[in-house]
Structures are given as C-alpha cells and as structure tokens.
Amino acid sequence: MSGSEQASTLAEDLSIKNETEAPHQTDNSNANAGSRDLDAEKAQSQPPGSDAPDGGSAAWIVVFGAWCTSFCSFGWLNSSVGVFQEYYEDDLLSGYSAGTISWIPSLQIFFMMGMGPFVGAIYDRYGPRLLLFFGSILHIFGVMMASLGSEYYQILLAQGVCSAIGASAIFQPSINCTAGWFNRKRGVALGLVFTGSSIGGIILPIALTHLIKEVGFGWSMRICAFIMLFLLMIANLTIRPWRPSPQTQKVTWAQLAKPFSEVQFILTAIGFFFFSYGFFAAVNYLPVEAVSAGMSSNLVQYLLPILNAGSLFGRLFSGFLGDKLGRYNIFIFVCYLSGLWILALWLPDTTNAALIAFSALFGFFSGAYVSLIIPLLIQISPMSEIGFRTGMVTFLISLGGLTTNPVNGAIIDSSGGWAGLKIFSGVLCLAGTSFVLVARIKQTGWKLLARF
C-alpha cells in the first residue's frame, strides 16, 4: 500500500472513531450539567445555615463564650429589675418617686435591645470582633461608674445608658455567631446559651442583696464588675463566626426594606412585640404585687430567682423539643400556656403558695420566648441578613421594655388596679402568640402535625 493510501485509510479510521465518541461526550456533558442544576436546586431548597458543622469542639467553645455574654447582659439586667429598684427607692435615691427610678431599668431594656438594628448592621458587615471588644469595655465601665454615683442622673447615665449599650454590643453578636455554627441542633445550642441569663438571674440578685448589706453599694457593684470582666475576657477569646470573613458590602435601602414585604416576618415580629408587653409586665411587677399582697420581704427577694430557675429548665426544654418537633410549634405551645398561667393562676390568687407556683410555672414556660426568638427568625430569613433582621425585632421588643413600666403603672393607679394589670398582661401574651401562630399557618397551612 502506498503512503497516500495509508494516510487516507488513517484519516477515515480517525473520523469513524470521532463520530462514535462524540455522542458519548455529549451525553456526559449533559449529565454533568443536569447534576449541577440538581445541586443548585437542592442548595436553594435547603434552610439557612444548612452547611453548619452542627457540633464539634470549636462550635461548643463558641456556645460557652456566648453563655458568658448571656450571664453578663440579661443575667445582669434580671438582677437590676428587682434588687436595684428596691435599693434605690429605700436608700440611695429615696428622694425620687418609684416611677422616676423605674426609668433606670426601663432604659437598660431599651438600649440593650433597641440598639439591635445598628449592632446587627455592623455585625453583618464587619463581624463580631470589634463589637465584642468595645461592648465589653462600655459595659464594665458603666457598672464601675455606677458604683461611684450618688445622684440620679449619674446612675441613669452609667447604668441605664452606658452599661446597657455595651451589653447590647456583646449580646447580639454572640447569639448570631452561635446560631451560625448550628442547624439541626440550633435550638439546643441557643437554649444552653440563654441559661446564662437564667443563672445570672438566680445568682446575682441573691448575691447583691447580701453584698449591699455587708460591703455597701459601691463595692457590691465593683465585685460584680470584676466577675463580669473575667467572663467577658473568656467571651472575647472564644467567640468567632462560622464564616470567618464576612462579606463587606454596602447595605442598600432595598435590603433594609425587604423584610417588611415578607408577611411571615411581619407577623412574627408583631407577635414578639405584643408578647413582650405581657412578659415584662409579669416580670417587673410580680415582686411589687407580692409585697402589696402581704408577702414578707425575706420571701419576696426569692421570687425572681425562682422565676429564673424555672426559665433555665424551660429554655433547655424548648430548645431540645424545638429541634425535634419544630421551633414554631413549641414556641406557640409554651407561650399560650404562659398567658394562661397569668389569667388562670396569677389573676385570681395572691396567696404565698400561688405566687411562688406562678413564678416557677411562668418562668418555665416563658423561658422559650427568649431562647426561641433567634431560631424562629433564622427559619424565615437568609443568614447573610440575620444580624439586621434580629436587630429590628429586638428594637420592637425594646419599645415594649421602655414603655411597659409607665403603662402598667398607669393601669395600677387607675380603676383597673392589679386585676387590670394582670388581664392586660395575659391578653397581650395570648395575642402575641396568636400572631406567631398565623405566621406558622401561612407557611404550613392547617396541618396540625407539620414540623415547623
């Protein structure tokens, strides 16, 4: 065979081979493209944070650090509501009315939660590191300055403003970081974190009551400040986000307005707002009402610790069952019962036994309210916007915390009296829970056993 004939035969063989392989290559290409489309569709259908590690030593170390911030923020606030109100009225600020003094804890609640949109926007853009550092400094500085105060405006600015802004800057970023490390176990993780505020609400009021008698107000505040400084050092060293490098991007007005176009988010936020009114009314006025009903002062000082002890177990219970049965389902169940306890137990009976039982039961069931706020919002929000969205909701709750004392005080002073306050509190708890129920129905329909 000549060279030209060999070349021709070789060319024909290559042509036949290419024709037979081409269909297979096309099929493989189509298969790969189809696989990529399925992966993309699956990723879009997964809930926010589905790629979280859901455990491991690094994740649980973050939980411990966030527990420390919970103790130092809401644990500290829980002690402020009862102990400091009583001490300021009877001693340090005895020249001022109870209503005027009540603005100190009211401002604490407002700034701790009302700074949420600003703290959340900073967190979404820059991460938690600077917020934790400067928030720790502000919080400890405010408590230290309050220990030196002797005038109303000094206590108001130090404890009600400076310390509260610092507590806001440490609390929200730590909660958001914890939520980012977990998906299926998110309820349990956040339930553990919020036990910090419950334990703080048990230990700090009792310790402060005895410390003020033993070493005076100034040193009592400094001792607490040193304890919180130690815990916040741990928090600054241990808390970090699951995504170590947040995307630094400019926040647009369209992004800020987007949550207000989502029916589920609006309903859930309104539900939290109304429930907060009923919740704060019961927590703030339970000791005061117990005194007016004739309970001894030695027993009254343990009502809030009992309530916080109940909330500790309630937060663990709601977090665990929320992961198993649906976080919206558990929230609705326990918050309806919280409102019913107010109307069925606190309203008709003011004996010592009834008030103690109410403290324990209301604390247990209402504990879910605090520990499930973030999980409920994450379930209906993109993780990239969770800081700002939780901030907006905490701002709404802060309005309830700011105005609850004046509103409830006006109800007590009117013809409604204590019965009017309790009805107001119970009805708003039920109304707020009903809004969350409607948000759940919007997602699942009328499916009673749907996990959501």
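I'm trying to understand the selection: among the residues of segment 90-113, which are farther than 12 Å from residue 401 by Cβ, assigned to a helix (DSSP H, G or I) and among the hydroxyl-bearing types (Ser, Thr, Tyr)? Within segment 90-113, just 100 meets the criteria.
Tally time: how many residues in segment 148-157 are part of a helix (DSSP H, G or I) and either closer than 30 Å to residue 330 by Cα or open to solvent by 10 Å² or more (accessible area, probe 1.4 Å) (or both)?
Counting residues in segment 148-157 that are part of a helix (DSSP H, G or I) and either closer than 30 Å to residue 330 by Cα or open to solvent by 10 Å² or more (accessible area, probe 1.4 Å) (or both) gives 6.
Among the residues of segment 280-294, those that are open to solvent by 10 Å² or more (accessible area, probe 1.4 Å) and either among the hydrophobic types (A, V, I, L, M, F, W, C) or not in a helix (DSSP H, G or I) (or both) comprise 280, 283, 288, 291, 293, 294. Checked against the criterion of being open to solvent by 20 Å² or more (accessible area, probe 1.4 Å) and over 18 Å from residue 305 (Cα atoms), the candidates 186, 222 yield just one match: 222.
Screening the candidates 439, 431, 419 for the property of being open to solvent by 40 Å² or more (accessible area, probe 1.4 Å) and either assigned to a helix (DSSP H, G or I) or in contact with a helix residue (DSSP H, G or I) (Cβ under 7 Å, 6 or more places away or on another chain) (or both) yields one hit, 419. Within segment 262-279, the set of residues being part of a helix (DSSP H, G or I) and open to solvent by 20 Å² or more (accessible area, probe 1.4 Å) comprises 263, 264, 266, 267, 270, 273, 274, 277, 279. Can you find a residue in segment 99-109 that is surrounded by fewer than 22 Cβ atoms within 10 Å (Cβ to Cβ), outside the structural domain of residue 390 (by the TED database) and without any contact (Cβ under 8 Å) to a residue 24 or more places away in the chain? Among the residues of segment 99-109, not one is surrounded by fewer than 22 Cβ atoms within 10 Å (Cβ to Cβ), outside the structural domain of residue 390 (by the TED database) and without any contact (Cβ under 8 Å) to a residue 24 or more places away in the chain, which makes the answer no. The number of residues in segment 367-376 being open to solvent by less than 10 Å² (accessible area, probe 1.4 Å) and in contact with a Phe, Trp or Tyr (Cβ under 8 Å, 6 or more places away or on another chain) comes to 6. Aromatic (Phe, Trp, Tyr), outside the structural domain of residue 401 (by the TED database) and open to solvent by 70 Å² or more (accessible area, probe 1.4 Å), is that true of residue 84? Taking the combined requirement at face value, the residue does not satisfy it.
For residues that are open to solvent by 10 Å² or more (accessible area, probe 1.4 Å) and in contact with a Pro (Cβ under 7 Å, 6 or more places away or on another chain), tally how many sit in segment 380-409. Adding up the residues that qualify gives 5. Taking segment 318-342 as the range and being open to solvent by 50 Å² or more (accessible area, probe 1.4 Å) and hydrophobic (A, V, I, L, M, F, W, C) as the test, the residues that pass are 320, 325, 333, 340, 341. Residues in segment 114-130 that are part of a helix (DSSP H, G or I) and open to solvent by less than 20 Å² (accessible area, probe 1.4 Å): 114, 116, 119, 120. Within segment 219-262, the set of residues being at pLDDT below 90, among the β-branched types (Val, Ile, Thr) and closer than 24 Å to residue 376 by Cβ comprises just one member, 251.
Taken over segment 175-218, the residue count meeting the criterion of being farther than 19 Å from residue 301 by Cα, assigned to a helix (DSSP H, G or I) and basic (Lys, Arg) is 1. With the structure loaded, tell me whether residue 419 is more than 16 Å from the chain's Cα centre (by Cα) and more than 25 Å from residue 323 (Cα to Cα) or whether it fails that test. Spelling it out, residue 419 is indeed more than 16 Å from the chain's Cα centre (by Cα) and more than 25 Å from residue 323 (Cα to Cα).
The values are calculated or read from the model by the stated rules, or taken from the named source; none is laboratory data. Only a predicted model underlies this, so the values are computations on that prediction, with no experimental measurement involved. A quick note on method: Cβ atoms are made from the backbone with ideal geometry, for glycine too, and the neighbour counts reach across all protein chains shown. Ligands, DNA and RNA are excluded from the accessible area calculation, which covers all protein heavy atoms including side chains. Shrake-Rupley method; radii C 1.70, N 1.55, O 1.52, S 1.80 Å.
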